[in-house]
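Colleague: Before I ask anything, here is the structure I am working with.
The values are calculated or read from the model by the stated rules, or taken from the named source; none is laboratory data. Given the structure is predicted, the values throughout are model-derived calculations rather than measurements. Note: ideal-geometry Cβ built from the backbone for every residue, glycine included; neighbour counts use all protein chains shown.
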Amino acid sequence: MLKVSNLVAGYGNIQILRNLSFEVKRGELVTILGTNGAGKTTTMRAISGILPLTSGEIHFDGQPIHKKTTEQIVKSGLIQVPEGRKLFSDMTVLENLELGAFTKHTRKNLQKNMDYCFELFPILKERKTQIAGTMSGGQQQMLAIGRALMSEPKLLILDEPSIGLSPLLTQQVFDIISEIKENGVTVLLVEQNVNQALSHADRGYVLENGEIVMEGMAKDLLNDEKLKASYLGITT
């Protein structure tokens, strides 16, 4: 569904991504792991058309998207939940969800998609008239995911969904991400929480200094001694 080939990108004269290549197959939950500064968010910005490429290609659902605008990419079904959620904090929960359904097609299915979001996140239904900025961090993350689902994504990109959340809320969010995948949405998950990410993913890539340094099935990476020592602090 998504194929990134030899991606080079950065900010000004600073090169962040160095010939980055990876793929996400239809129906998978794939995770990209890495520490702060590894290039994870830069990768997501490049895929979504927010950051121009120096070189390389990105294909989504069989079509090249690396020269398309962000609006065109979103309309094609590639939807991102950005790091930090980026909610409209002065608007209500309901208004934030409605803004997720901004295309003509999704606007027609607004109520159906709203009902689906409320089924996944009952707290959003309870708080639908609450101002988004007054909600807890976990509730705001649920709202950010719900807003993205209102756009009917073919591929949902989640950038650091567990950041700032308690272990309990982190577990809840990851369980919901797995449920979204089981409901037919392909998921690309960018995370620092290695254990949770690999426990829920099908495959994983490890990103360091803008390059993929390790890849494989999630269960194999979770048991990799090098990965345990580098990211989990576990040595044997």
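Colleague: I'm trying to understand the selection: among the residues of the range 135-189, which are under 13 Å from the mean Cα position of the chain (by Cα), part of a loop (DSSP other than H, G, I, E, B) and without any contact (Cβ under 8 Å) to a residue 40 or more places away in the chain?
Modeller: SER162, VAL185
Colleague: Another question, then. Among the helices (runs of 4 or more DSSP H) confined wholly to the range 35-118, which include 1 or more residues that are under 16 Å from the mean Cα position of the chain (by Cα)?
Modeller: 40-47, 70-75, 93-100
Colleague: On the basis of being crowded, with 18+ Cβ neighbours inside 10 Å, closer than 26 Å to ASN96 by Cα, more than 19 Å from the chain's Cα centre (by Cα) and modelled with pLDDT of 90 or more, does ALA132 make the cut?
Modeller: Yes.
Colleague: Any chance you could count how many residues in the range 6-29 are hydrophobic (A, V, I, L, M, F, W, C) and either outside the structural domain of VAL187 (by TED's automatic domain parsing) or out of contact with any Ser or Thr (no Cβ under 8 Å at 6 or more places or on another chain) (or both)?
Modeller: 2
Colleague: How many of the residues making up the range 1-27 are at pLDDT 90 or above and surrounded by fewer than 18 Cβ atoms within 10 Å (Cβ to Cβ)?
Modeller: Qualifying residue count for the region: 14.
Colleague: Continuing with the same structure: Looking at the range 88-105 only, could you name the residues that are surrounded by 17 or more Cβ atoms within 10 Å (Cβ to Cβ) and either under 10 Å from GLU152 (Cα atoms) or in contact with a Leu (Cβ under 6 Å, 6 or more places away or on another chain) (or both)?
Modeller: Residues satisfying the conditions are VAL93, ASN96, GLY100, ALA101.
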